[in-house]
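First comes the structure, then the notes that go with it.
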Amino acid sequence: MLVLGVETSCDETGVAFVRDGQLVAEVLASQTDMHAVFGGVVPEIASREHQRMLPVLFAQLVERTGLGPAAIDAVAIARGPGLLGSLLVGMSFAKGLCLSTGATLIGVNHLHGHLLAPGLEAELVFPALGLLVSGGHTHLYRMDSPVAFQLLGRTLDDAAGEAFDKVAKLLNLPYPGGRYLDELSAGAVPDTSMFPRAYIHNDNLDFSFSGLKTSVANHLARQQHLCFSAMPPRESLNRQGLLSLCPEPDQLAILCASFNWAVSETLRIKTERALDREKGIRALIVAGGVAANSWVRKAMGDIAQTRRLSLMLPRLSLCTDNASMIAYAGWLALQHGYRHDLDLESIPRGRAVPEDWIRI
Ligand code: KG4
Ligand code: ZN
């Protein structure tokens, strides 16, 4: 069965083919540079870019694989959560294709797509604990199968990636700045008293990162010399280049390490708490853009090793938004006997994605 995946929920436009659960090919276009000028994603620009790029990318995918519209059995569409205007562009494209070819439509929860992505590289093991850490979400799930997700905890304010991006912005680094904070921290020893591990002194599985961001802002207000005086030029956006622009590179590296430590420790504590409570968990799945973070990867690796769990951490290109994970999650839902109709709704950020599948 050939499934086309379509991803347009935020600022990446992607199309991918998955055949019988295996990735055939993917084409992805990122709008990051366009939004970086504004310091965050501008929804109107995002929708227009999806509209402009989607047919171009689809034509490239067809050319690269030799598989035309007639070969497509199903179209998996990322239906939300995301920016509504952007989601609607992908949804219209997916529905148009289904209408003209007779392919089956299957809507995919973008967040579930992230957590199922490791299945493209290794066999998924259930029940699993899923930690989704991205620019918009910090969610903990119990996953009993590819179509049975139970939300255990979520962020009450900023997502982990949002905290990274806001701290990067305070330092005058371009958006999205998470990876620069990660790179700058390499080899530095964190000062564990510099920043709080936010919202751990309770007995729940929720997260809150806005206090941590404020703590970094207060720290930087007293240590202005650690912030870049202007946004570093593109050619300096690597560890050496950035450190050479900073008057106190060692202090900056320690600040970044301390911030990375505070975030990854918070994630570790809540993940361990969930594992203590949930029965029968066999695997730990970590996904979303922040799963690319070296501190988070190390913390989750340690948990999995101590508790003898299978660790499923997708490769970096599968951590961030992509269409392969959507095609794959759609294929899994179809395998479980689910589909959607052409009245499928897109779901904006903030609204729960309904499980309104139709039985095949
Ligand atoms: O999953 P994703 O591509 O998009 C959303 O759906 O949000 O995640 C993007 C987020 C951004 O906040 C970005 O700064 C963060 O992932 N990110 C990182 C790293 N790489 C990407 N954060 C920390 N360390 C990294 N290495
Ligand atoms: Zn995402």
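The values are calculated or read from the model by the stated rules, or taken from the named source; none is laboratory data. This one's a predicted model, so the numbers in the text were calculated from it and none came from an experiment. Please note: Cβ atoms are built from the backbone with ideal geometry, for glycine as well, and neighbour counts cover all protein chains shown. Just the protein is used for accessible areas: all its heavy atoms, side chains included, with ligands, DNA and RNA removed. Shrake-Rupley method; radii C 1.70, N 1.55, O 1.52, S 1.80 Å.
Look at the stretch 78-129 and say how many of its residues are touching a residue at least 60 places away in the same chain (Cβ under 8 Å) and part of a helix (DSSP H, G or I).
Final tally of qualifying residues: 24.
Where residues in the stretch 130-148 are free of Cβ contacts under 8 Å to residues at least 40 places away in the same chain and open to solvent by 30 Å² or more (accessible area, probe 1.4 Å), which of them is farthest from Gly301 (Cα to Cα)?
Taking the candidates together, the pick is Ala148.
Among the numbered criteria (1) more than 16 Å from ligand 2 (Cβ to nearest atom); (2) open to solvent by 10 Å² or more (accessible area, probe 1.4 Å); (3) in a helix (DSSP H, G or I), which one does Glu162 miss?
(1)
Only residues that are in a helix (DSSP H, G or I) and of a type in the set (Val, Ile, Thr): list them for the stretch 191-239, please.
The first filter runs over the stretch 191-239 and keeps only residues in a helix (DSSP H, G or I), leaving 210-222, 224-226, 234-236, 239.
Passing the criteria: Thr214, Val216.
If only one of Gln223, Gln240 is farther than 30 Å from Ile358 by Cα and open to solvent by 60 Å² or more (accessible area, probe 1.4 Å), which one is it?
Gln240
Kindly establish whether Leu311 is open to solvent by 60 Å² or more (accessible area, probe 1.4 Å), more than 15 Å from Val167 (Cβ to Cβ) and in contact with a strand residue (DSSP E or B) (Cβ under 6 Å, 6 or more places away or on another chain).
Against the criterion (open to solvent by 60 Å² or more (accessible area, probe 1.4 Å), more than 15 Å from Val167 (Cβ to Cβ) and in contact with a strand residue (DSSP E or B) (Cβ under 6 Å, 6 or more places away or on another chain)), Leu311 qualifies.
Take the residues in the stretch 67-77 that are in a helix (DSSP H, G or I) and hydrophobic (A, V, I, L, M, F, W, C), then tell me which one is surrounded by the most Cβ atoms within 10 Å (Cβ to Cβ).
Applying the filter and picking the extreme gives Ala71.
What's the number of the only condition in (1) in contact (Cβ under 8 Å) with a residue 12 or more places away in the chain; (2) in a loop (DSSP other than H, G, I, E, B); (3) of a type outside the set (Val, Ile, Thr) that Asp343 fails to meet?
Just one mismatch for Asp343, condition (1).
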